[in-house]
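The values are calculated or read from the model by the stated rules, or taken from the named source; none is laboratory data. As the structure is a prediction and not an experimental result, all values here were calculated from the model. When we count neighbours, we look across all protein chains shown, and the Cβ atoms used for this are built from the backbone with ideal geometry, even at glycine. Remember, those area values only see protein heavy atoms, side chains included, never the ligands or the DNA or RNA. Shrake-Rupley method; radii C 1.70, N 1.55, O 1.52, S 1.80 Å.
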Amino acid sequence: MSAEDDTPVEGPFEIPLTGDLDLHPFLPREIPSLVEEYVRACRERGVLRLRLAHGRGRGVQRAAVRRTLASMSEVVSFSDAPPEAGGWGATVVIVSARGTSSVL
């Protein structure tokens, strides 16, 4: 969405690598690849603790996020965010440092 008139933005755009990503503006089909790209880009920048806000709802987005995270070797762990950071409406992710992997 553009800041001026809330119309969708066409084409790629840059997402800040702060470790905090709100997934609400994205289409469900975009979530798996977005999560993969975001986790890897944050890891490259040394951001190793992430918070992915997917919302509470029926848990469909949460499940898609967690399936994606479970398939990534660089993800050490993930869990519900603490209540003050979104509770089960967000997932906290710990990523291994660059050059290491969580696979033994």
Quick check: is even one residue across the range 30-37 crowded, with 20+ Cβ neighbours inside 10 Å, more than 14 Å from Arg98 (Cβ to Cβ) and polar (S, T, N, Q)?
no
Could you look through the range 58-73, keep only residues that are aliphatic (A, V, I, L, M) and open to solvent by less than 30 Å² (accessible area, probe 1.4 Å), and pick out the one that is nearest to Ser96 (Cα to Cα)?
Met72
The residue that is least open to solvent (accessible area, probe 1.4 Å), considering only those in the range 39-57 that are assigned to a strand (DSSP E or B) and of a type in the set (Lys, Arg), is Arg51
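For residues that are in contact (Cβ under 8 Å) with a residue 12 or more places away in the chain and assigned to a helix (DSSP H, G or I), scanning just the range 11-33, find the one that is farthest from the chain's Cα centre (by Cα).
So the first thing to find is which residues in the range 11-33 are in contact (Cβ under 8 Å) with a residue 12 or more places away in the chain, and the list is 15, 17-25, 28, 31-32.
Checking the rest, the ones that are also assigned to a helix (DSSP H, G or I) come to 28, 31-32.
Working: Pro28: 13, Ile31: 8, Pro32: 9 Å.
Across the range 11-33, the extreme among qualifying residues is Pro28.
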